[in-house]
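Accompanying notes for the structure given below.
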């Protein structure tokens, strides 16, 4: 016969071992899926850099664009689903061969919810030449954090280029710069 204390100990161990699965949760894993994973020449595209939990770093890239001097554009997103977490110019091709004083990066979250306004440009076309971008290169990196679960392909996870948007070659023409025609390609963020 098994002593009562031993039976009670086995029952308690069994309850502890079984636990309650409803209290266990895993942390979210965010992922960015680009519309154009392999951008062709003449493309400004969003591509994933890295992810950690609910946060994703998204690279704004250029591919096959000659005489790239600067760009101005907006990134649109759903502020109820995504939080803009900041930006980084580390590794930007605009910084190649020049000092940081020769380049302007201005990234502003506007008072209009769901937009980040970006200006990334070299400053003086007379002393600082434009850049010929061949293979896909990083212009700037943005960070977004999922505020809630987002299904793959869902509209609330979209990151897109909003109007107005322009890429310039540094040649000044009346009312602005000489624009370069490019294809703009966004993508979508999702979480488990």
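The values are calculated or read from the model by the stated rules, or taken from the named source; none is laboratory data. It should be emphasised that the depicted structure is a prediction, and the values quoted were computed from it without experimental measurement. Please note: Cβ atoms are built from the backbone with ideal geometry, for glycine as well, and neighbour counts cover all protein chains shown.
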ask   = Is it true that residue 89 is surrounded by fewer than 18 Cβ atoms within 10 Å (Cβ to Cβ), at pLDDT 95 or above and within 24 Å of residue 183 (Cβ to Cβ)?
value = yes
query = What number of residues within the range 59-106 are over 19 Å from residue 158 (Cβ atoms) and not in a loop (DSSP other than H, G, I, E, B)?
reply = 21
ask   = Can you tell which of 172, 116 is more than 22 Å from residue 41 (Cα to Cα), in contact (Cβ under 8 Å) with a residue 24 or more places away in the chain and buried (at least 19 other Cβ atoms within 10 Å of the Cβ)?
value = 116
query = Going by the structure shown, is residue 40 modelled with pLDDT of 95 or more, touching a strand residue (DSSP E or B) at 6+ places or on another chain (Cβ under 8 Å), farther than 21 Å from residue 180 by Cα and not in a strand (DSSP E or B)?
reply = no
query = In the range 163-180, is there at least one residue being modelled with pLDDT of 95 or more, within 14 Å of residue 34 (Cα to Cα) and touching a strand residue (DSSP E or B) at 6+ places or on another chain (Cβ under 6 Å)?
reply = no
key: Single unsatisfied condition, residue 49 versus (1) closer than 30 Å to residue 164 by Cβ; (2) more than 17 Å from the chain's Cα centre (by Cα); (3) modelled with pLDDT under 95   = (2)
message = Please go through the range 74-108 and give me each residue that is touching a residue at least 24 places away in the same chain (Cβ under 8 Å) and on the phi > 0 side of the Ramachandran plot, ordered by number.
response = 86, 91
